[in-house]
1. Could you list which residues have their amide H under 5 Å from that of GLU46, counting only those 5 or more apart in sequence or on another chain, with H placed in the peptide plane?
2. Determine the per residue accessible area of region 18-75 with all protein chains present and a 1.4 angstrom probe, expressed in square angstrom.
3. List the aspartates and glutamates whose alpha-carbon lies under 17 Å from that of LYS113, not counting same-chain residues fewer than 8 positions away?
Amino acid sequence: DSPREPARRTFPARSSKTRPLRVLMLDDDPAILQSSSLLLASMHAEPILADTQNTAFQLFKENQRKLDLVFLDANVDRMSTLPLLERFRQLDPEIPCIIVSGYAESRIRCIFKQDLYNGFLGKPYTRSDMENILSRFANAP
């Protein structure tokens, strides 16, 4: 029996048209965090970067109602980010959360609860992949 496909809901953008999308990104690889930050900024998004789960949680709480989208590396410092995602969901069940991983999506579906995340972004990813996520989950132009 194969795992059920996670819920892939789209959400109306919480941002106004006058400000960039605010995107929280968690990754423990500095090169990926830096390149993703530049990529997001080039697409008129405001990246909010975290390199640890604790930092990500603090930034999430500080920016909770201002965030439009969250990208979570599936594993940070050799630990699953599933507990962090569950904490995010307790605070804001509606925020679109994307799991980012070098693992196959089928493996991620086995690790992460189906209803906790809204999309998957495989590493390495391209500008087009990122644009697709932004437009799909945050109604970005």
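1. Here LEU21, ARG22, VAL23 satisfy the definition.
2. Details: 2580 Å² over 58 residues.
Per residue, region 18-75 has 44 Å² of solvent-accessible surface.
3. Straight-distance partners of LYS113: ASP1, GLU5, ASP73, GLU86, ASP92, GLU94, GLU105.
The values are calculated or read from the model by the stated rules, or taken from the named source; none is laboratory data. Everything numeric here is computed off the predicted structure, so don't read it as measured data. In case anyone asks, the SASA skips ligands and DNA or RNA and just uses the protein heavy atoms, side chains included. Shrake-Rupley method; radii C 1.70, N 1.55, O 1.52, S 1.80 Å.
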